[in-house]
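Following: one structure in structure tokens, then a few remarks.
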């Protein structure tokens, strides 16, 4: 495996960057690297050249389990018929405050 | 109609509806094969252009006239490498393998922008590239931030933010030369004279001769025609050249009150085709340098892979 020295031989990593304290990590992109430490260093060079981040996570892309776009509607359907989960569902008399 | 054909029809309807509603297409969505192929071709060519584009400028790093200029140029070249990586990541979401794309670049089966086959003869060329070549690239790339394919559009947002520095440093460099000695001013003018027409060619052939334009517009990959973007670029550059105190090498360049645009002279498309065909001043040099850099980096990639294997890191 390592005899083929092309970068694509290396696993793909997803990069998440926290832009500043108080915000959550957000997906920034992906890159190839031989191991987690190199992935972190490459992510620093690639995604934070202009102080875009104060913290980076790298995750092997192969470890991400994603919902299928084909089942998008049935998968998310359970939330569609529960409007009572939203505050706007409830009628409150005029003049009632702080509610 | 068979069930499979009916399914394909339904998928296509979902794809068409997403395009019509100006929604983005994402990697795991169904998409027509031609849409995927066309995007792979365009994004790969774009990625290749970024990394080949390093060469004409890196040529001047060791000879930059001051530490300030040298630091700026190194940062710019590092950005170009970064832009190539954003774009290779984007094209991989379509199922292309990076190794294959590099191989296609190295063997001439995929192209890069013809502009990078021109040589950088003087220091002023670094300024002309920043102002004109990056300026033309920005004009092309800003509409790509709204292109229908999500990962490409997101990569372009990052790239456009960074390109602005590239263009301004080039303009500032030319301004310093233009306000310098007579020899410096002449050097700046010579660079602009050589880079102006190739920069206009960066927008691609005229609309009626552009092979992929109509389909790309229908797929909302492309948002404006080649000629429209070229005109926009000319209109932007004329006043900028005046502020620089330099002229653009086109005797037919003049304001057209009726059109509300600058008229400009005919472009030498024969030259453009020759450079595309591989007969530009630096085509062979660019590819051989790229291959050499790739081969000379092999031991670094091997060492990193060996280290990772030894330490038992997760590998896919």
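Of the set (1) in contact with a helix residue (DSSP H, G or I) (Cβ under 8 Å, 6 or more places away or on another chain); (2) without any contact (Cβ under 8 Å) to a residue 24 or more places away in the chain; (3) farther than 21 Å from residue B:222 by Cβ, all apply to residue B:71 but (1).
Only one of the listed residues (A:85, A:97) is more than 9 Å from chain B (Cβ to nearest Cβ), exposed (fewer than 13 other Cβ atoms within 10 Å of the Cβ) and within 28 Å of residue A:25 (Cβ to Cβ). That residue is A:85.
Restricting attention to the stretch A:46-99, the residues being under 27 Å from residue B:90 (Cβ atoms) and not in a helix (DSSP H, G or I) number 18.
Note on the stretch B:36-77: residues that are within 14 Å of chain A (Cβ to nearest Cβ), surrounded by fewer than 20 Cβ atoms within 10 Å (Cβ to Cβ) and within 20 Å of residue B:152 (Cα to Cα) total 0. Please work out if residue A:46 is over 15 Å from the mean Cα position of the chain (by Cα), buried (at least 16 other Cβ atoms within 10 Å of the Cβ) and within 14 Å of chain B (Cβ to nearest Cβ). Yes, satisfied.
Filter the stretch B:142-167 down to residues that are over 16 Å from residue B:91 (Cα atoms) and away from chain A (no Cβ under 14 Å) and give me whichever is surrounded by the fewest Cβ atoms within 10 Å (Cβ to Cβ). Of everything passing the filter in the stretch B:142-167, B:146 is surrounded by the fewest Cβ atoms within 10 Å (Cβ to Cβ). Restricting attention to the stretch B:229-275, the residues that are assigned to a loop (DSSP other than H, G, I, E, B) and closer than 15 Å to residue B:131 by Cβ total 5. For the stretch A:9-30, the set of residues classified as out of contact with any strand residue (DSSP E or B) (no Cβ under 6 Å at 6 or more places or on another chain) and under 21 Å from residue B:311 (Cβ atoms) consists of A:9 only. The set of residues in the stretch B:78-99 that are over 16 Å from residue B:129 (Cα atoms), without any contact (Cβ under 8 Å) to a residue 60 or more places away in the chain, out of contact with any strand residue (DSSP E or B) (no Cβ under 8 Å at 6 or more places or on another chain) and facing chain A (nearest Cβ under 8 Å) comprises B:97, B:99.
When residues in the stretch A:19-39 are screened for being in contact (Cβ under 8 Å) with a residue 12 or more places away in the chain and away from chain B (no Cβ under 12 Å), 4 of them pass. Scanning the stretch B:276-287 for residues that are assigned to a helix (DSSP H, G or I) and either within 15 Å of residue B:48 (Cβ to Cβ) or in contact with a strand residue (DSSP E or B) (Cβ under 8 Å, 6 or more places away or on another chain) (or both) returns B:276, B:278, B:283, B:286, B:287. Tell me yes or no: at least one residue of the stretch B:214-227 is in contact with a strand residue (DSSP E or B) (Cβ under 7 Å, 6 or more places away or on another chain), surrounded by 13 or more Cβ atoms within 10 Å (Cβ to Cβ) and within 28 Å of residue B:184 (Cβ to Cβ). No, that holds for no residue.
From the list B:241, B:218, B:308, the one residue that fits, being more than 30 Å from residue B:127 (Cα to Cα), away from chain A (no Cβ under 14 Å) and over 19 Å from the mean Cα position of the chain (by Cα), is B:218.
Here residue A:69 does not fit the description of being surrounded by 10 or more Cβ atoms within 10 Å (Cβ to Cβ) and modelled with pLDDT of 95 or more.
The values are calculated or read from the model by the stated rules, or taken from the named source; none is laboratory data. Quantities reported herein were computed from a predicted structural model and do not represent experimental measurements. As a convention, Cβ positions derive from the backbone with ideal geometry for all residues, glycine included, and neighbour counts pool all protein chains shown.
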